[in-house]
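Input: a single structure, listed below in structure tokens.
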Amino acid sequence: MTRQYAGTIKADRGSAENLRVELGYCDIVAPMDGRIGLLSVDAGNYVATSDTTGIATITTEAATDIVYAVPEDRIGEVVDAFRARGTLPVEILARDKTTLLDYATLRSIDN
């Protein structure tokens, strides 16, 4: 009889461990720090890792690295200035090319 209970205890421990693993899937953790915007889902909605719409928008307040192309007719000027001074100030403009969105720093040049 003792062996039977030992087997039951072992099975119950396995079930408890499995439930701990399953419970780990109940927490949603943001991939970065920032401010969360409006939610795309409500409490009780089913979400999956394959969802392409996401569940919320996070705005990061940390610096972001971006890659952008410099117009061919300006590349020589930019490279010369970068070699002479190191990092260069950059203005980030909206698509209308007149609205200033932010300032940045050019820290490296690739090819």
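Apart from one condition, G54 fits all of (1) surrounded by 10 or more Cβ atoms within 10 Å (Cβ to Cβ); (2) part of a strand (DSSP E or B); the exception is (2).
For the stretch 16-48, residues that are under 24 Å from T64 (Cβ atoms) and among the hydroxyl-bearing types (S, T, Y) total 1. If you check L106 against the conditions, is it modelled with pLDDT of 90 or more and either in contact with a helix residue (DSSP H, G or I) (Cβ under 7 Å, 6 or more places away or on another chain) or of a type in the set (G, A, S) (or both)? So L106 fits the description; yes.
The residues of the stretch 58-100 that are outside any loop (DSSP other than H, G, I, E, B) and in contact (Cβ under 8 Å) with a residue 24 or more places away in the chain, listed by number, are I58, T59, V78, V79, F82. Sub-8 Å Cβ pairs linking a first residue in the stretch 14-40 that is basic (K, R) to a second residue that is modelled with pLDDT of 85 or more, at least 6 apart or interchain, are R35/I58; R35/T59, ordered by first then second residue.
When restricted to residues that are among the hydroxyl-bearing types (S, T, Y), loosely packed, with under 10 Cβ neighbours inside 10 Å and more than 14 Å from V70 (Cα to Cα), the stretch 81-111 contains 3.
The values are calculated or read from the model by the stated rules, or taken from the named source; none is laboratory data. Keep in mind it's a predicted model, so treat the numbers as computed, not measured. Reconstructed Cβ throughout: ideal geometry from the backbone, glycine too, with neighbour counts over all protein chains shown.
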